[in-house]
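*Asks:* Structure incoming, see below.
All of the numbers you see were taken from the coordinates with simple rules; none came from a lab. Quick caveat: nothing in here was measured; it's all calculated off a predicted structure. In this analysis, Cβ positions are derived from the backbone assuming ideal geometry, glycine residues included, and neighbour counts consider all displayed protein chains.
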Amino acid sequence: MVKQVEKQIKETIKMYSMLDRQDRIAVALSGGKDSTTCLYILHKFGYNVEGLMIDLGLGAWSQQARENMQEFCSKLNIKFHVIDMKKEFGASMAFIKSASQTGLSGCYICGIIKKWLLNKKSKELGFDKLVTGHNLDDECQTVLMNFLKGNIYLGANSTPVTGKPIKGFVQRVKPLFFIPENKIRTYSLKEQLPIQREKCPCSFYSYRINTREWLNQIGDNDKLKIVKNFQNVIPRLEQKGDVNYCKKCGEPCRQEICKACQILQHI
Ligand code: AMP
Ligand code: ZN
């Protein structure tokens, strides 16, 4: 099983030319099984990886995840970078969610801010690639959620590697794109990785959680079919509008002011 997961990841990296040996690679670490497994395997394969974690400031849960990853990276002799929300904004993610007056859901806000911070910091730290731990189940949920929202165009960026290089945008890479969640869980248990198993204390309701419950009724092969078929649709989805640069923060976006700055304007 361990060898099978590693082989599948190796094949995905090769098929999509995801990573080069000379790349300086940031692995976005949440402290959960997916991103930790990803860092562990890429390190094992000999890639030049460093850990990049956002400390969301969510009490003991965040502190535990941070300590686990700090220790894990130090054991493997991997550089570890932390973006501390409280230092960055003077506020935790929980505060930002409740103070933002956008009407967007909590998990959605958290997702936007994380993506924005990870891109900004990866650039500042000079990384060539940004790896995330998104797995087959995450990707399948995304396809279905966008469909249920009546907007498959939202999935235009849901690819194993983000498309053409865009100035100001660190290429995002997902080596676990085709690996089912349960296989990663088993792998992480077998390799005894120091993973936080408790869920985020703030994620009591989200569209994604409901979608996940639906999707748990189908098998891994069906999930793989959904994700692979959707990959064939993506080239036919026209991207709406050109890439702009946010008037406030300068990050690439599709509006005048990026979504993160819209959320953060009330903080
Ligand atoms: P999530 O949005 O929580 O499903 O996480 C998806 C991916 O985003 C994870 O596999 C990580 O690579 C990355 N990620 C999530 N939370 C964090 C965090 N606090 N710091 C850095 N990366 C994160
Ligand atoms: Zn902005």
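*Asks:* Please state the shape class of region 202-247: rounded when a/c is under 1.5, otherwise prolate if a/b exceeds b/c and oblate if not, all from the C-alpha gyration tensor.
*Replies:* Oblate is the answer for region 202-247, as a/c is 1.5 or above yet b/c matches or exceeds a/b.
*Asks:* For F127, list long-range residues whose amide hydrogen, built 1.01 Å from N in the peptide plane, is under 5 Å from its own amide hydrogen.
*Replies:* Amide H neighbours of F127, under 5 Å, 5+ apart: none.
*Asks:* Which lysines, on any chain, are close to K129 with Cα under 20 Å apart, when same-chain ones fewer than 8 places away are left out?
*Replies:* K10, K14, K44, K79, K114, K115, K120, K121, K164, K167, K174
*Asks:* Cut-off is 10 Å between beta-carbons; in what order do H134, H266 appear when sorted fewest neighbours first?
*Replies:* The order, fewest Cβ neighbours first, is H266, H134.
*Asks:* Any idea what diffusion coefficient the chain gets from Stokes-Einstein, in µm²/s, Kirkwood Rh on alpha carbon pairs, 10 °C, 1.306 mPa s?
*Replies:* The diffusion coefficient I find is 83 µm²/s.
*Asks:* Run lengths n ≥ 4 of DSSP H only: what is the helix-derived mean residue ellipticity at 222 nm for the chain, with -39500 (n - 2.57) per run over all residues, to the nearest 500?
*Replies:* Calculated from helices alone, the mean residue ellipticity at 222 nm is -14500 deg cm²/dmol.
*Asks:* Per 5 Å bin, what is the whole-percent P(r) computed from every C-alpha pair distance within region 1-45?
*Replies:* Per 5 Å bin, starting at 0, the Cα pair percentages come out as 5, 19, 29, 29, 16, 3.
*Asks:* Moving to a separate point now. Just want the answer: with Cβ charges of +1 for Lys and Arg and -1 for Asp and Glu, which residue in F169, C249, N151 is farthest toward the dipole's positive end in region 150-267?
*Replies:* With unit charges placed on the Cβ atoms, the residue in question is F169.
*Asks:* Quick check on packing: order 39-45, 157-163 by the mean number of other C-beta atoms within 10 Å, highest mean leading.
*Replies:* With the highest mean Cβ count within 10 Å placed first, the list reads 39-45, 157-163.
*Asks:* How do R172, R212, R236 line up, fewest other C-beta atoms within 10 Å first?
*Replies:* Least to most surrounded, the residues fall as R236, R212, R172.
*Asks:* How large, in Å, is region 50-135 by the Kirkwood hydrodynamic radius built from its alpha-carbon pairs?
*Replies:* 14.0
*Asks:* Quick one: which residues, 5 or more positions from S30 or on another chain, have an amide H under 5 Å from its amide H? H modelled 1.01 Å from N in the peptide plane, none for Pro or chain starts.
*Replies:* S35, T36
*Asks:* Follow-up question, since we're still on this one. Bin by bin, in steps of 10 Å, what percent of the Cα pairs in region 123-267 do you find, going until the bin that has the longest distance?
*Replies:* 9, 30, 38, 20, 2
*Asks:* Report, as a whole number in µm² per second, the diffusion coefficient that Stokes-Einstein gives for region 12-101 at 10 °C and 1.306 mPa s using the Kirkwood radius over alpha carbon pairs.
*Replies:* The estimated diffusion coefficient comes to 111 µm²/s.
*Asks:* Cα centroid distance between region 138-202 and region 1-65, in Å?
*Replies:* 12
*Asks:* Further, regarding this structure: Region 55-191: D in µm²/s via Stokes-Einstein (Kirkwood Rh, Cα pairs, 20 °C, 1.002 mPa s)?
*Replies:* 125
*Asks:* Might you report the magnitude of the Cβ-based charge dipole of region 32-171 about its Cα centre, with Lys and Arg at +1 and Asp and Glu at -1, to the nearest 20 debye?
*Replies:* 320
*Asks:* Continuing with this model, one more query. Can you put V243, V49 in order of Cβ neighbours within 10 angstrom, beginning with the fewest?
*Replies:* Listed from fewest to most nearby Cβ atoms, that is V243, V49.
*Asks:* So, one more: How large is ³J(HN,Hα) for each residue in region 247-263, as worked out from phi by the Karplus curve 6.51 cos²θ - 1.76 cosθ + 1.60 (θ = phi - 60°), to whole Hz, x for Gly and Pro?
*Replies:* Result, rounded to whole Hz: 5, 8, 10, x, 6, x, 7, 9, 10, 6, 10, 5, 4, 4, 5, 4, 5.
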